[in-house]
Amino acid sequence: MGRGLDRGEGLSLTEQEGRVAEPSAPPPASGGRFSRLLHRHPAITRNALLSGPVLWLVLAYLGSLVALLLRSVFQRDELSDELIREPTFDNIRTVLTGDVYRSTTIRTIGIALIVTLIDLVIALPMATYMAKVARPRARRIMAAAVLMPLWASYVVKAYAWRALLDPVGGVLQRAVGRSPGYGLAATTITLAYLWLPYMILPIYAGLERLPDSLLEASGDLGARSGRTFRSIVIPMLVPSLLAGSIFTFSLTIGDYIAVQFVGGTTQTLGLVVYKFFLGGNDLLAAAFALVPIAIMGVYLFLVGRAGALENL
């Protein structure tokens, strides 16, 4: 035994631990050739597990989307109402050159930007307080309060805002004597409320991953809270901010239900597409659906060029 100990005296602690470490588990002796194959090639197991969800995404989601967009290059016969099998870009040309459609697109982008900005201004201090200031019990209560609106139906929340903003007998009208009524302002307020949790949660998750030691080091170096927030917190939160903006911007671009409830005469992209489908003009609706897809594609391209998507 003494000679064995003498041999180990010249080894480092890591080497000595390596000598007594248990060997890796051998491949299963039973279970057949297929089990041994999966053990030697874990990539096969991973690909098998992912094949189902990926197949569903490709066929059910992307397949139906491609089928919809393909209809934008066809026309219907005015007499028989049958689909003409000759591709044409008349529907797309109508969408791109129509003044009404262009103004609707600009209005929708403006609403989406304002909603995203409002949610960012509200979510940033709330998430910061939840992640870095509040006690653990208060943090759990606030997190539940943020998630609680998501438990209610979307339609119920939209109807609630309709009752609040009703210019004739609404809650605000009776309480304070004034109400913005139905229109652009009501649409912006309602959508900002609906998508606020989708902005808070990514920022909160990003702040949870931010080490407290960085904030303490900034304070030790003499930086005040505002300087620390601008120089350390905000740069490290860029991926989370972009993730929240993607949610709020994209959801606003495609929304059409809340606009019907509180928008009054306001027209947005989602509402126009819905009305086209409701009126039986599915080919023009498919062409107009290309507009929000193109907008989000450009936005994601710009975000990707900035290198922010790598950390999302």
Completion exercise
Reduced to Cα centres, the span from segment 38-65 to segment 170-194 in Å works out to 46 Å
Exercise for the section: Pop out the ³J(HN,Hα) list for segment 215-228 in order, Karplus 6.51 cos²θ - 1.76 cosθ + 1.60 with θ = phi - 60°, rounded to Hz; leave Gly and Pro as x. Expected result: 5, 5, 5, 5, x, 5, 7, x, 6, 7, 4, x, 5, 4
Fill in the blank from the handout: Under the Karplus relation with 6.51, -1.76 and 1.60 and θ = phi - 60°, whole-Hz ³J(HN,Hα) for segment 89-104, x at Gly and Pro, equal 10, 5, 5, 5, 5, 5, 5, 6, 9, x, 5, 5, 5, 5, 5, 5
Fill in the blank from the handout: Counting Lys and Arg as +1 and Asp and Glu as -1 over every other residue whose Cβ sits under 14 Å from the Cβ of Ile114, the net charge comes to -1
Practice task
Add +1 for every Lys or Arg and -1 for every Asp or Glu among the other residues with Cβ under 13 Å from the Cβ of Leu207, and state the total.
Solution key: +1
Problem - Within the chain, longest stretch free of exposed GluC sites (Glu not before Pro) [DSSP loop, at most 12 other beta carbons within 10 Å] - result: 83-312
Problem - For Arg76, distant residues with modelled amide H under 5 Å away - result: Ile84
Completion exercise
For segment 102-311, the dipole about the Cα centre with charges only on Cβ (Lys and Arg +1, Asp and Glu -1), to the nearest 20 debye, works out at 440 debye
Handout entry: Cβ-defined net charge surrounding Val100, 15 Å radius [Lys, Arg +1; Asp, Glu -1]
Key = +3
Problem - Linear extension gain, Asn47 paired with Asp90, 0.36 nm per residue minus alpha-carbon span - result: 11.2 nm
Handout entry: Charge-dipole axis of the chain as Lys and Arg at +1 and Asp and Glu at -1 on Cβ define it, positive-most pick from Leu201, Thr190, Pro239
Key = Leu201
Problem - Helix-only CD estimate at 222 nm, as mean residue ellipticity for the chain, using -39500 (n - 2.57) per DSSP H run (n ≥ 4) - result: -21000 deg cm²/dmol
Problem - the chain, relative contact order [Cα under 8 Å, separation at least 6], % - result: 21 percent
Practice task
Using per-residue counts of other Cβ atoms within 10 Å, averaged over each peptide, order 272-282, 39-49, 234-244 from highest down.
Solution key: 234-244, 272-282, 39-49
Problem - Mean separation of Cα contacts under 8 Å (6+ apart) over length of segment 110-242, as relative contact order % - result: 30 percent
Practice task
Pull out a ≥ b ≥ c, the square roots of the eigenvalues of the alpha-carbon gyration tensor of the chain, then state rounded if a/c is under 1.5, prolate if not and a/b is larger than b/c, and oblate in the remaining case.
Solution key: oblate
Handout entry: Peptides ranked, highest mean first, by Cβ atoms within 10 Å: ranges 119-126, 263-270, 100-107
Key = 263-270, 119-126, 100-107
Handout entry: For segment 144-153, 3J(HN,Hα) per residue [Karplus equation, 6.51 cos²θ - 1.76 cosθ + 1.60, θ = phi - 60°, Hz, x = Gly/Pro]
Key = 5, 5, 5, 7, 4, x, 6, 6, 7, 5
Fill in the blank from the handout: Which residues qualify? For Ala289, with a placed amide H closer than 5 Å and at least 5 residues away or on another chain, they are none
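Computed from the coordinates by the stated procedures, all read-outs in this text should not be read as laboratory data. A quick note: this is a predicted structure, and the numbers were derived from the prediction, not measured. FYI the Cβ positions are ideal-geometry reconstructions off the backbone, even for glycines, and counts take in every protein chain you see.
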